[in-house]
Every structure is written in C-alpha cells, then in structure tokens.
Amino acid sequence: MSLTTDLSQTAAGPATAKGARKHSRDSRTASQVPRRRSRQRRERLFQWLFLVPAVVYMALFFGYPVVKNVVMSFQDYTTSTFFTGEAPWVGLANYVTVLSSSLFSTSLLNTALFTLGSILGQFVIGLALAIFFQRKFPLNGILRSLLLLPWLLPLIVSSAVWRWILDKDSGALNRFLGDLGIIDTGIPWLTSTSLALIAVVGVNIWIGIPFNLTILYGGLQEIPDELYEAGSLDGATGWRAFRHITWPMLRPVVSVVLVLGVVYTLKVLDIILGLTNGGPANSTQTIATQSYALSFHEFKFGEGAALGNVLVIISLVFAVFYLRASRRAVDE
Amino acid sequence: MTTQLKAPVRRNTAAVPNRKNWGYTALAIFFLAVMLFPVYWMVNASLQPNGTTLETSWLPLKPDFTGYATAINEQGGNLVTSLIISLGSVALSLAIAAPAAYALAYFKVRGAGVVLFAILISQMIPGIVVANALYTAYNDLGLLNSVPGLILADSAHGIPFAILIIRAFMNGMPASVIEAARVDGAGHVRAFWSIVLPLSRNSLITAGLFTFLFAWSDFLFALTLTTTEAVRPVTLGIFQYIGAYVNDWSSVMATAVLASIPAIVLLVAAQKYIAAGTTGGAVK
C-alpha cells in the first residue's frame, strides 16, 4: 500500500516533487524522513523477496554441496558413517591416497585426452559446418535445425545407440566396414584398451557438433556483410577472408564456445558410463568417473569428495577464462 | 538475445533459392545423413524382430513391434516416473526462476551481480560433486528413492538456465509497461503476475521446454540418488538394460526411441524456441 503512494508521488510530476523536497529541507518534521526511509527499505525488501527462493535454492543445491564436499574430503566418510554417524577427521589423508594412487595419473591423462580430443573435433567440425551453412541454399534452415537432434537426445540414449553401433560382432560400423572390404574381422571399438578412449571421444564429438555449429553460426551471422564486400575489393576472398575477417570477428564467440566446451566436457559422466563404464582396464576412466566409482561403488565418500574437489579446481581455472570471455561478450 | 537471434533467421529465409544452389542442399543432406545415422539406426533396430541381433538388416522392411511391447511392458512405469519428475521440475524451476529473473532484470537490487555470478559459477560445478554431497544429505532426510528428491535435484540444471533465459528476455521489456501498471495501483506481485508473466510467455515456454528436457535426460542424479526400483527414471532403466550383456537390442532401442520423444517433439513442434535456448544460456 505504501508502495502505491510512493509511486503516485513521483507520478504527480517533477515540479511538485522538487518543490516539496526543497520545502521540506527547511521545515521537515522529525517523522517525515524516517518514514520515507522505511518506505524505501520496505520497497527494497519486497524486491528482494522475488529473489529469495532462487537464492535459497542455489545455496542448498550448489553452495551446500560444495562446502559439504570440502568438509567430507577431510573426513573418513564411509558406509559405516551412515550407521554410526561418525566420520573421523583425517586431514589430508584422502587427498594423499587419491593423488598418489596409480589410477590418478591414468584418469588425469584420460581426462585431458578426452577433453582435448572432444573439443578439438567438435569445434573444427562445428565451425566447418557453420561456415558451410552460411551459404544460401534451399532447405538450409530445416536441415540445420535437424542437425540439432544429437545434442537434444538424452546422453544415455546416445550411449546406448552407439554401444550397439560400435559392437564388435554385430555393430553397424564393423558391418559397414566389412561390407566395403576394409576389414576382415570386427574391430573391438569399445573392448580394446587402445581403442576405447578414441571411440568414446568420437561419440562425444558427435554429441557436441550441433552445439558448436549453432553458436558459431550465430556468431558468423553477426559479422556485417559490408566487411566481406570491402575485403573482396582488396582481394581478400576464400581463405584470406576467413583469416583476416571471419576469425578475428568471431574470436569472442569462439572463446565462449571453447571454454564452455571444456567445462562441460570435464564433468562428462553419462557417455563414458554408458559406453564403457570406465573400462576396459580403466582405459576410459576419467577424474569424474573415478570420483563416482570411489563414492558410489567403493563407498569411500571422503576419497570421492577429494577427487571431486580436484575436478572443481581444474574447472575453476577454466571458469576464470569463461567469466572473462563472457563479460567481454556481454559488454559488446 | 532475442534480437540477435531473429536477425540471422530472417536474413536466411529471405534468400531467393537459386537453382544451382540445390547442389549445396544435396551436400547438406549428405552431412545430415551421416550425422543422423545413429538416430536412424536406433529407429531401425527398434523395429527389427527379436532374436536376430547378429544380422540386423539395413532397412526395417518387415517392421516388428515386439520390441516396443517389451519396452512398454518393462519400462512403461519408468517412463511415467520420468514424466512426473520432469513436469515437477518444470513447475518448480519456473516458479523459482521467473520471479528471480524479474528481480534481476527490472529491479536494480543490490547483490544482483553476486546472484548472477553465482549462477555462472554454478554451471562449472560437476554434477558428481553435487551428487556426492546430496547423497549423504538425502540419506539423513529420507529423500533417497523419492520423486520429490529427484525433482529438487533435477532442477539444479534447470533453475540457473531458466533464470538466464527469462532474464535476458525481460531485459528487453520496456520498463514503461510495468511502470504504467504500477501507477494504476498494481502492487509488485500483481504487476508481475498479470503484466510481466503474460508478456514473457515465449521465454517461459523456452525455459520450460529445456528444463523438461534436462530433467528428462538426467542420468547422474537418477543413478546416485535412487538405489531401489521404487522410483526409477527411464534413463536409469536404459542404463540397466545395457549394463548387463545385451541380447535383445530391439527392446533396448525401442526404449531409447520412447525416451527420445521429448527431444523429437521439441525439435519438430517448438522450432522457434530452440535457437533461443541453445544460445541463451551460453553467451549471456
């Protein structure tokens, strides 16, 4: 109620408001100023109420887990904790165990290869397709949006389908290669320690292409045609136009796509669990899947938390890049 | 965000199709065929008769629906569970995100920057970290294996995303419309409910559709926060299908097709909302 009077005052016109203020400077009563101030405070409180549910939710489902994970990583938190309620403080023991285990270097390397390979493949193919779809041809819009499908499918569905396609004995890929006479016997895409990681990266590239394509295509459309027209007068066409016009103009979008891609890929779990479950012989185990296995297969929640925190730190390094890149994008 | 997205679309459809450009169309169809082969293979395999896993034919010339019968029989309940959880997640996400987006876009509240920063940072937090901590908390609260528990957890992806999408839209809404309502005597809540929300309908639909898809596709929380068969989303059902040695791919693929329906509906029926959703969460 007080809010409406507040508004009608300003609506009454700047002249009267100014006059009233000037007047009140000399003869304001003791009660008037606090009343206005409390009115403002109440207005601000009301505005905050719109934000409160979101703040509470974010605190409970992001803030709390992060804090809880840090605490757990210093505790011996196991299944027995659920019965006894005791999780003894163990200092850095979990970190020492996790980081010195021979599996850590494997999963760190796998995480790096998985992320790097996925990002590189998704980005290069996505950019190539985005440039291709810049051409004007019939059905362009429909075909481009149909390409989004791999990105919209639930990840576990994609994993299931690819697991079937990559099957050694009856998978479609081996049958196709066999029919072409390229191979004689089936290639164990997902069951060979040397091929599984490559196969998993390949599937993740497939999933990420539509996202890269869409964002990069949007970025390309932002580049004014006049630049290319001016460039072609100076002899900049084809590859030279790309190097001197497209790439520099696209850089802000590129940095956002790459950093987002890295942050999302670091935490991928569904695809790897669905395709190989981290195997064979840990050849596709990443930090994320290893953290999952520690917590939910071995029930060493403290160690799982410690490894999860390592992943958070790696992500945060990239998050800094992301925030700088996105701030630049927002500023423009 | 919206203006940025509309411009390219219009520019493209305005192009007059040139006859020789059909060559590019053919090339694009080729790319599409390669990219969508796995989707085709899923549908094809789902229509093959059971027991012929070794020689799945390239075309479903004699479509057989036994796979679907098995899928609905074994996974029907899980599909319903997924549907309930996803709809609940949409309701919760929009109820929390829409007012927050309004506050961030329209009121210049102190601390708004902090909230936006927290939203951006939240996207960096690996789901496994959230799941690890939630498991122990859910265990204490008795929320494991429960629909409300999964709705709350699945909204962790939807709420930050929805806030960004809706806020980006509301940023472009003329303040005068809201001020006019306020001058006419409407309170904050009424102005929000009867002016702001109806005007933001498109962004609410976009956010809602994607929130649905996020919850529907969730696998991690289903995997970690459910331990019995009481509450089992279909993603977990598929995982258990492929976890064991599979000898009935037509049923697995039929389940996969059924689980893909929301994505396909989104792609076909809600075309114009997708572009907004794809870029909205990422760039701004």
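The numbers here are math on the coordinates, done by the rules we state, and not lab data. What you are looking at is a predicted structure, and each value in this text was computed from that prediction instead of being measured. Please note: Cβ atoms are built from the backbone with ideal geometry, for glycine as well, and neighbour counts cover all protein chains shown.
Ignoring everything except DSSP H segments at least 4 long, calculate the 222 nm mean residue ellipticity for chain A; use -39,500 (n - 2.57) per segment, divide by total residues, nearest 500.
Helix contribution divided over all residues of chain A: -23500 deg cm²/dmol.
What helices does chain A have that are whole DSSP H segments, at least 24 Å long along their own axis by Cα, and with mean Kyte-Doolittle hydropathy of 1.0 or more?
Passing helices, by number: A:102-132, A:196-222, A:247-266, A:301-331.
Return the FRET efficiency for the residue pair B:Ala95, A:Thr185: r is the Cβ-Cβ distance, R0 is 51 Å, and the value is rounded to the nearest 0.05.
It comes to 0.35.
Mind putting a number on the dipole of chain B about its Cα centre? Charges go on the C-beta only, +1 for Lys and Arg and -1 for Asp and Glu, and I need it in Debye to the nearest 20.
For this selection, approximately 1460 debye.
Quick test of the membrane-span-like rule: which DSSP H helices of chain B reach at least 18 Å along their long axis (C-alpha atoms) with mean Kyte hydropathy at least 1.0?
B:22-46, B:66-105, B:147-171, B:249-269
Would the protein assembly as shown count as rounded, prolate or oblate if I go by the C-alpha gyration tensor, calling it rounded below 1.5 in a/c and otherwise prolate when a/b exceeds b/c, oblate otherwise?
Verdict is oblate for the protein assembly as shown.
What distance in nm lies between label points placed 7 Å from Cα along the C-beta direction at A:Leu113 and B:Phe117?
With each label placed 7 Å out from Cα toward Cβ, I get 3.9 nm.
State, to one decimal in nm, how far the label point of B:Ser176 lies from the label point of B:Ser57, with both points 7 Å from Cα in the Cβ direction.
6.7 nm
Using only alpha carbon pairs under 8 Å that are at least six residues apart, calculate the relative contact order of chain B and give it in whole percent.
After rounding, I find 32 percent.
Could you state the orientation-averaged shadow area of the convex hull built on the Cα atoms of chain A, in nm² to one decimal?
30.7 nm²
Tally Lys/Arg at +1 and Asp/Glu at -1 over every other residue whose Cβ is under 13 Å from the Cβ of A:Leu92; what's the total?
Neighbourhood net charge equals -2.
Go through segment B:209-253 and name the chymotrypsin sites (Phe, Trp or Tyr not before Pro) that are in a DSSP coil and have 13 or fewer other Cβ atoms within 10 Å of their Cβ.
Those that pass, being in a loop and sparsely packed, are B:Tyr245.
Using a cut-off of 13 Å between beta-carbons, work out the net charge of the residues near B:Ser46 (Lys and Arg +1, Asp and Glu -1, B:Ser46 not included).
That works out to -2.
Could you work out the local net charge near B:Ala222, counting Lys and Arg as +1, Asp and Glu as -1, over the other residues with Cβ closer than 9 Å to its Cβ?
That works out to -1.
Please list the non-local residues whose amide H lies under 5 Å from the amide H of A:Gln75, H modeled 1.01 Å from N, same-chain partners needing a gap of 5 or more.
Here the answer is A:Val90, since their amide H atoms fall under 5 Å of that of A:Gln75.
What residues qualify as long-range amide H neighbours of A:Gly279, i.e. H under 5 Å apart, gap of 5 or more or another chain, H built at 1.01 Å from N?
Under 5 Å from the amide H of A:Gly279 lie the amide H atoms of A:Thr284, each far enough along the sequence or on another chain.
How high is the FRET efficiency from B:Asn202 to A:Asp234, r the C-beta distance, R0 51 Å, rounded to 0.05?
For B:Asn202 and A:Asp234, the calculated efficiency is 0.75.
Run the numbers on segment A:44-105 and let me know its relative contact order in percent, using alpha-carbon pairs under 8 Å that are six or more apart.
23 percent
Assign one of three labels to segment A:57-156, namely rounded, prolate or oblate, based on the Cα gyration tensor with a ≥ b ≥ c the square roots of its eigenvalues; rounded applies when a/c is under 1.5, prolate when it is not and a/b is larger than b/c, and oblate otherwise.
Judged from the Cα gyration tensor, segment A:57-156 comes out prolate (a/c at least 1.5, a/b above b/c).
Label points 7 Å out from Cα along the Cβ direction at B:Ala269 and B:Ile84: separation in nm?
For the pair B:Ala269/B:Ile84, the computed spacing is 2.2 nm.
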